[in-house]
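Shown next, in structure tokens, is the structure this report addresses.
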Amino acid sequence: MKNSYILSATTENALTAVERLTIILARQRIPFEQMHVVKIDGQSISTITVVLRAEHEMIRRLIKRVERIVEVSDVLFHTQSKGGVPCQA
């Protein structure tokens with residue numbers, strides 16, 4: 001069953017990470033509803049937030065792939081009804 005998930009990734013180079021994340025989503029055919037990139041003031045760190053609908057197993061595989069992106073330092077996901085859950089890779 002498909003649920004709505006929110007994926008948040010902390011990254012050092014937002015442009016490259018966004019490009020790689022969208023490639024991963026396209027290859028896995030995971031449609032996303034929203035994507036936001038916010039730069040943290042005074043630092044070279046950004047947060048990428050993606051809202052998408054998929055099955056839990058597909059989200060788990062997606063998290064593993066996103067963690068392999070060199071610029072990404074932290075990945076969290078949660079559903080609308082639960083709090084943030086660190087990746088259990």
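The values are calculated or read from the model by the stated rules, or taken from the named source; none is laboratory data. What you see is a predicted model, and the numbers here were worked out from it, not measured in a lab. Cβ atoms come from the backbone with ideal geometry, glycine included; neighbour counts cover every protein chain shown.
What the table shows:
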{"quantity": "Residue check for ARG27: without any contact (Cβ under 8 Å) to a residue 40 or more places away in the chain and among the charged types (D, E, K, R)", "calculated": "yes"}
{"quantity": "Subset of region 33-47 [touching a helix residue (DSSP H, G or I) at 6+ places or on another chain (Cβ under 6 Å) and of a type in the set (A, V, I, L, M, F, W, C)]", "calculated": "VAL37"}
{"quantity": "Among the residues listed as VAL70, VAL37, VAL51, the single one being more than 11 Å from ALA9 (Cα to Cα) and at pLDDT 90 or above", "calculated": "VAL51"}
{"quantity": "Total residues in region 4-32, condition at pLDDT 90 or above and acidic (Asp, Glu)", "calculated": "1"}
